[in-house]
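See below for the structure under consideration.
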Amino acid sequence: MIKKCLFPAAGYGTRFLPATKSMPKEMMPVVNKPLIEYGVEEAIQAGMDSMCIVTGRGKHTLMDHFDKNYELEHQISGTDKEALLTDIRRLIDSASYTYIRQREMKGLGHAILTGRELVGDEPFAVVLADDLCVNEGDGVLAQMVELYKQFRCSIVAVQEVPESETHKYGVISGQMIKDDIYRIDNMVEKPEKGTAPSNLAIIGRYILTADIFELIEKTEPGKGGEIQITDALLKQAHSGCVLAYKFKGMRFDCGSVEGYIEATNYCFGKIYQV
Ligand code: G1P
């Protein structure tokens, strides 16, 4: 159904300097796995087999991660260390990985538009790898794919946040059409304090129909002088339908130090069962 997943990964990760001075933020490990690997696992679990990664300068370790490392693999072959590569080998074998470079940073909308050549003319998912999402059952993308099968339109994942936090997110408002599903009538990228249309914040999981590309092309720079996917999605909502889905599970903002530490503690507890 939805086979492609786009990972905008060209950003500088300035909130994590100096760690991200020469290392891509998507390669920051949560316990022993880089953030992007969690995102790829989620996409594969949702049935996707084509990972389309929008990279930028200094991001070559991302490409190396989803490739063989013959020297290392030869070195640890037959030792008990080899088991540590089981998960990443499975991910490498289960999907194709293609890359395109975003030469200028002009916002998330522009990053998604840069991925157009890899995605083509079909519905696709978008994962912002620094939003780490976990759930005991189906992951967020798998939940969204199920919804897409019913509604066949773009869908954004949302969660309730305190009013004091709404200025950090794209915020939606809409009519609840079913439990946890809203038909969007308004969305604002990082609203000024006190002006948010609701407390439902967009988190980094999207399913987009391919007509979004033309809408992004027609979108003027918005908040921060950047081309915002939120603005393009609002046009799509007004001309057709865009849904917001309050997903089941937890989300950690691993772009912030607090969220990253929380994610690390949570995953450490899960993996080592402490
Ligand atoms: C982006 C989006 C924003 C969304 C957020 C989720 O913002 O523009 O609408 O709420 O991701 O993480 P960023 O955090 O990249 O500034």
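The values are calculated or read from the model by the stated rules, or taken from the named source; none is laboratory data. Note that the coordinates shown come from a computational prediction; the quantities given were computed from them, not determined experimentally. Don't worry about glycine lacking a Cβ; one is built from the backbone with ideal geometry, like all the others, and counts go over all protein chains shown. Quick note on the areas: whole protein, heavy atoms, side chains included, nothing else; ligands and nucleic acids left out. Shrake-Rupley method; radii C 1.70, N 1.55, O 1.52, S 1.80 Å.
Matching residues to (1) more than 25 Å from Pro197 (Cα to Cα); (2) acidic (Asp, Glu); (3) part of a strand (DSSP E or B):
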residue: His110; (1), (2), (3): no, no, no
residue: Glu117; (1), (2), (3): yes, yes, no
residue: Cys133; (1), (2), (3): no, no, yes
residue: Val145; (1), (2), (3): yes, no, no
residue: Ser164; (1), (2), (3): no, no, no
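For region 195-221, the set of residues classified as without any contact (Cβ under 8 Å) to a residue 60 or more places away in the chain and over 19 Å from Val119 (Cβ atoms) consists of Thr195, Ala196, Pro197, Ser198, Asn199, Leu200, Ala201, Ile202, Glu220, listed by residue number.
Checked against the criterion of being within 16 Å of the ligand (Cβ to nearest atom) and open to solvent by 40 Å² or more (accessible area, probe 1.4 Å), the candidates Lys68, Lys21, Lys25 yield just one match: Lys25. Restricting attention to region 166-211 and to residues that are in a strand (DSSP E or B) and open to solvent by 60 Å² or more (accessible area, probe 1.4 Å), the residue that is nearest to Lys248 (Cα to Cα) turns out to be Lys178. Search region 91-135 for residues being more than 16 Å from the ligand (Cβ to nearest atom) and open to solvent by less than 30 Å² (accessible area, probe 1.4 Å), and hand back the single one that is nearest to Gly56 (Cα to Cα). Residue satisfying both the conditions and the ranking: Val119. Considered as a group, the residues in region 155-194 that are touching a residue at least 60 places away in the same chain (Cβ under 8 Å) and under 20 Å from Ala129 (Cβ atoms) include one that is farthest from the ligand (Cβ to nearest atom), and that residue is Ile155.
Here the condition is being open to solvent by 10 Å² or more (accessible area, probe 1.4 Å), part of a helix (DSSP H, G or I) and more than 16 Å from the ligand (Cβ to nearest atom); of Glu262, Glu258, Glu214, it holds for Glu214 alone. Taking region 143-153 as the range and being surrounded by fewer than 17 Cβ atoms within 10 Å (Cβ to Cβ) and either within 15 Å of the ligand (Cβ to nearest atom) or over 19 Å from Asp211 (Cα atoms) (or both) as the test, only Glu146 passes.
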